[in-house]
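The values are calculated or read from the model by the stated rules, or taken from the named source; none is laboratory data. Given the structure is predicted, the values throughout are model-derived calculations rather than measurements. In this analysis, Cβ positions are derived from the backbone assuming ideal geometry, glycine residues included, and neighbour counts consider all displayed protein chains. SASA here: full protein model, heavy atoms, side chains in, ligands and nucleic acids out. Shrake-Rupley method; radii C 1.70, N 1.55, O 1.52, S 1.80 Å.
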Amino acid sequence: MAHLRALLFNLLFYLLTALLAIVGLPTLLFGPDAVYALCRLWVGITLWLLRSLTGLDHRILGRERLPAEPVIFAVKHQSSWETLALAMILDRPIYVLKRELIWIPIFGLYLLGSGALAVDRGAGARALRQLIRGAERAARSGRPFLIFPEGTRTAPGEHRPYQPGIAALYDKLDRPVVPVALNSGVFWGRRSFLKKPGRITVEFLDPIPAGLDRRRFMKELETRIEGASQRLLEAPPAPAE
């Protein structure tokens, strides 16, 4: 039964994605707000399908910790789930993502239309310079930034070295960084067809204030995210609503 439900979810998800991607093309003419309106519809239906068909829901902890000023969200990355869900949970975040995603037909147009910043991970220092130039322009909008410090998805309980992109944003934008821990990979694995029933937990941790030196900032960021994500992994399952 679980395989059948997962098959049905995937079928409906891809049909929904294709339909909205085609019907919504005119939104690209009207800027990020219009693109995000379509995105929120897409994500909202997707999360409803997850709850209805697979029994997978989520909860948010730590909203009260979020400062009123614009911030950079540094998010643990375990699953495709947070890539989708955070577009609805947060207010029109500017995603920092790998350049290969921009090449996906049609979908890449929506990423660009949303104001996302694409990074060529193979370009080294040149990529960081391009990221900073783009981020400084985008920061004028007052929107938050969202970056996955490890640069790619990792399995629950594992982590990769934190990449220099987050440090570059922190240094140049002079904004607080909000670490975000989660346990999405327990329920929606990186290469898993099945979506397990349960409740994903997303936790906003205490902000790291602007102005720390780079080494101290990176150590603090990694310690907070990895420690909290491990705690969520070891905690009893979140109760159903």
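Out of the strands (runs of 3 or more DSSP E) lying entirely within region 61-148, which hold 2 or more residues that are out of contact with any helix residue (DSSP H, G or I) (no Cβ under 6 Å at 6 or more places or on another chain) and either of a type in the set (Gly, Ala, Ser) or modelled with pLDDT under 95 (or both)? Working first, answer last.
Details: elements: 72-75, 94-98, 117-119, 145-147.
Answer list for region 61-148: 94-98.
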Exercise. Do we find a residue being surrounded by 18 or more Cβ atoms within 10 Å (Cβ to Cβ), farther than 19 Å from PHE145 by Cα and either polar (S, T, N, Q) or touching a strand residue (DSSP E or B) at 6+ places or on another chain (Cβ under 9 Å) (or both) anywhere in region 207-224?
Worked result: no
Exercise. Open to solvent by less than 30 Å² (accessible area, probe 1.4 Å) and over 16 Å from the mean Cα position of the chain (by Cα) - does that describe any residue in region 83-104?
Worked result: no
Seminar exercise, completed: Scanning region 109-155 residue by residue, those hydroxyl-bearing (Ser, Thr, Tyr) and open to solvent by 20 Å² or more (accessible area, probe 1.4 Å) turn out to be TYR110, SER141, THR152
For this session: Would you mind telling me which numbered condition in (1) over 17 Å from PHE73 (Cβ atoms); (2) aliphatic (A, V, I, L, M); (3) at pLDDT 95 or above ALA240 fails?
Result: (3)
Seminar exercise, completed: Looking across region 55-82 at residues that are over 16 Å from the mean Cα position of the chain (by Cα) and small (Gly, Ala, Ser), the single one that is surrounded by the fewest Cβ atoms within 10 Å (Cβ to Cβ) is ALA68
Exercise. Among the residues of region 40-59, is any in contact with a Pro (Cβ under 8 Å, 6 or more places away or on another chain), assigned to a helix (DSSP H, G or I) and among the polar types (S, T, N, Q)?
Worked result: yes
Seminar exercise, completed: Of those in region 225-236 that are surrounded by fewer than 19 Cβ atoms within 10 Å (Cβ to Cβ) and among the aliphatic types (A, V, I, L, M), the residue nearest to the chain's Cα centre (by Cα) is LEU233
Seminar exercise, completed: If we ask which residues in region 1-49 are surrounded by fewer than 16 Cβ atoms within 10 Å (Cβ to Cβ), of a type in the set (Gly, Ala, Ser) and more than 29 Å from ARG143 (Cα to Cα), their number turns out to be 1
For this session: Hey, could you check region 156-179 for residues that are open to solvent by less than 80 Å² (accessible area, probe 1.4 Å) and touching a Gly at 6+ places or on another chain (Cβ under 8 Å) and say which is nearest to TRP81 (Cα to Cα)?
Result: PRO156
Problem set entry | Where a residue in region 91-107 is over 24 Å from ALA139 (Cβ atoms) and its partner, wherever it lies, is modelled with pLDDT of 90 or more, with Cβ under 7 Å and at least six apart | ILE106/ALA21; PHE107/ALA21
